[in-house]
Amino acid sequence: MTRLTAREFWPKYRDEVRKRCSKESMTDNWHSLGIKAAEVVIRPLEISRELTLDILGYERRTANEWFNSDLRVAFEHEVDHPYPYHDDGTGWRCELWKLAHIAADLRVLVGYYKSWDGFLCQLNDEIILMDDRMYRVPNSEWLFVFGAIDSNRERQPWRAWTINGDRTLIQLDDENPFCPIEYCENGKM
């Protein structure tokens, strides 16, 4: 059985995004870049785009039967859109709600915050709001990866968290932080 944990997924995903980063990607389509990076990390599993998820990784129990499979990774990469219900940098809330209703071993949410000030409280409040939906699947894990919507203004590295059984955020160690704007400005593309 192939399982990816939050601690395994994060550094692999971060490094794949870093490989694909360019000055053009800073203004173009981060969504596409993020999904392509997730595909590489999830690739040991079969990949599908069913369930209106950006990407999912599954493992068949029976070689010729798609419906006899287990969902190992559910991945959502949210880029804020100017919809009335989340024009404040919280478009990721919709994806959190969706992932909270998906039965997968690992649920990954990549999103962006408008301002670092107060963001962790907001993320924590949303996790509390989702309550027991966060752990509908026994022994499942969550990975939250967030960066600034405006890397020029915030200049903060992406950060990653998981949660424990009490739904408390635990920041994952990052020996190799990734700040897209600095990475691209230093010519490390």
Self-check item: Where N is the number of residues in region 102-149, Cα Rg divided by 2.2 N^0.38 Å
Solution: 1.25
Self-check item: Difference of contour (0.36 nm per residue) and Cα-Cα distance, Arg167 to Phe67
Solution: 32.9 nm
Practice problem: Considering Cα pairs under 8 angstrom that are at least six residues apart, work out the relative contact order of the chain and quote it in whole percent. | Solution: 19
Practice problem: Add +1 for every Lys or Arg and -1 for every Asp or Glu among the other residues with Cβ under 9 Å from the Cβ of Val145, and state the total. | Solution: +2
Quiz prompt | Two-decimal ratio, the chain, of alpha-carbon radius of gyration to 2.2 N^0.38 Å | solution = 1.00
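Within a Cβ distance under 11 Å of Leu45, other residues only, what is the Lys/Arg minus Asp/Glu net charge?
Values: positive: Arg3, Arg43, Arg60, Arg72; negative: Glu39, Glu46, Glu59, Asp70, Asp105.
That sum, taken over residues with Cβ under 11 Å, equals -1.
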Quiz item: Per the helix-only calculation at 222 nm, which mean residue ellipticity applies to the chain, given -39500 (n - 2.57) for every DSSP H run of n ≥ 4 and division by its residues, nearest 500 deg cm²/dmol?
Solution: -9500 deg cm²/dmol
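Quick check on the exposure proxy: order Ile149, Ile128 from fewest to most C-beta atoms within 10 angstrom.
On the way: Ile149 17, Ile128 10.
So the residues, fewest neighbours to most, are Ile128, Ile149.
Near Glu59, within a Cβ-to-Cβ distance under 11 Å, what is the net charge of the other residues, with Lys and Arg +1 and Asp and Glu -1?
Here the count lands on +1.
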Quiz item: In nanometres, what is the gap between the two model label sites at Asp125 and Ser48, each 7 Å from Cα along Cα-to-Cβ?
Solution: 3.7
Practice problem: With a point put 7 Å past each Cα toward its Cβ, work out how far Trp97 is from Ser22 in nm, to one decimal. | Solution: 3.7
Practice problem: May I ask what percent, to the nearest 5, of DSSP beta bridges between residues of the chain are antiparallel? | Solution: 55
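Every number here is computed from the coordinates shown, using simple stated rules; none is lab data. Note that the structure is predicted; figures quoted are calculated from it, not measured. Don't worry about glycine lacking a Cβ; one is built from the backbone with ideal geometry, like all the others, and counts go over all protein chains shown.
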